[in-house]
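The numbers here are math on the coordinates, done by the rules we state, and not lab data. Everything numeric here is computed off the predicted structure, so don't read it as measured data. Note: ideal-geometry Cβ built from the backbone for every residue, glycine included; neighbour counts use all protein chains shown.
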Amino acid sequence: MKNVDYKLYFIMGSINATDPLSVLEDALKGGITCFQFREKGPNALARTEKKAFAQSCQRLCKQYGVPFIVNDDVDLSIEIGADGVHVGQDDTDAAFVREKIGADKIVGVSVHSVDEAKAAIAAGANYVGIGPVYETVSKDDAKPVAGTVLIEKVSTLFPELPIVGIGGITATNAEPVFKAGAHGISIISSIASAENPEIAAKQLKHTANQWAVKR
Ligand SMILES: Cc1ncsc1CCOP(=O)(O)O
Ligand SMILES: C=C1C=NC(C)=NC1=N
């Protein structure tokens with residue numbers, strides 16, 4: 001799975017929306033370019049329910065030709081033939097994930113330092129997620145707000161490495177994330193909690209397209 005478009009990377013799980021499948025379909029209609037199935041938190045689904053929900057999301061992504069990436073759960077990703085896996089520093093080791101899912105799948109890694117970015121590259125990551133750029137309400141154990149400093153450092157040191165910024169990103173604060181060198185923005189609440197998720201995705205896509213051209 002090469003040259004993936006990380007421009008507008010939506011992340012969601014069953015706890016992020018009342019009707020998650022209709023939110024995902026709206027986001028897909030609004031033009032998201034990548035989706036991450038992130039089923040985490042106190043009331044997250046497990047086992048058979050989690051797999052069934054993941055496959056419903058995967059089916060929608062397939063209809064819209066959008067890559068379907070699973071957060072952390074490597075076995076689920078393999079079981080349902082997902083397009084890739086995203087891992088955090090405390091999740092499964094990225095090199096192990098790469099070895100398990102094979103060369104043509106997507107491996108994404110959350111990084112919080114230059115050293116972690118270096119290690120992610122060595123492990124065979126296709127992209128890194130850097131944040132939280134701004135205050136986030138969607139991850140209770142998020143690291144301190146980092147701004148765009150690390151995005152600038154990593155994009156300067158590793159110009160070829162795809163970077164997505166994450167954390168509190170909206171249509172009005174996305175510009176600095178791209179200016180700092182990110183290839184894309186990762187979003188939960190600006191889309192999942194929006195009055196109209198399709199319009200929210202369209203607005204974010206418009207901003208992302210403006211900046212992706214200037215890269
Ligand atoms: C998963 C994750 N990692 C760092 S912040 C975050 C949550 C992003 O959610 P939101 O876009 O609602 O701030
Ligand atoms: C924590 C994360 C950072 N970045 C991305 C893309 N996904 C995540 N779940």
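Miscellaneous remarks
- Applying a threshold of 6 Å to beta carbon distances and a minimum spacing of six or more residues, or different chains, the list of pairs starting in the stretch 35-49 at a residue that is within 13 Å of ligand 1 (Cβ to nearest atom) and ending at one that is part of a helix (DSSP H, G or I) reads Phe37/Ala54; Phe37/Cys57; Glu39/Lys50; Gly41/Ile15.
- In the stretch 80-110, the residues that are in a helix (DSSP H, G or I) and either in contact with a Ser or Thr (Cβ under 7 Å, 6 or more places away or on another chain) or not acidic (Asp, Glu) (or both): Ile80, Ala94, Ala95, Phe96, Val97, Arg98, Lys100, Ile101
- Criterion (in contact with a His (Cβ under 6 Å, 6 or more places away or on another chain) and crowded, with 22+ Cβ neighbours inside 10 Å) met by exactly one of Ile185, Ile163: Ile163
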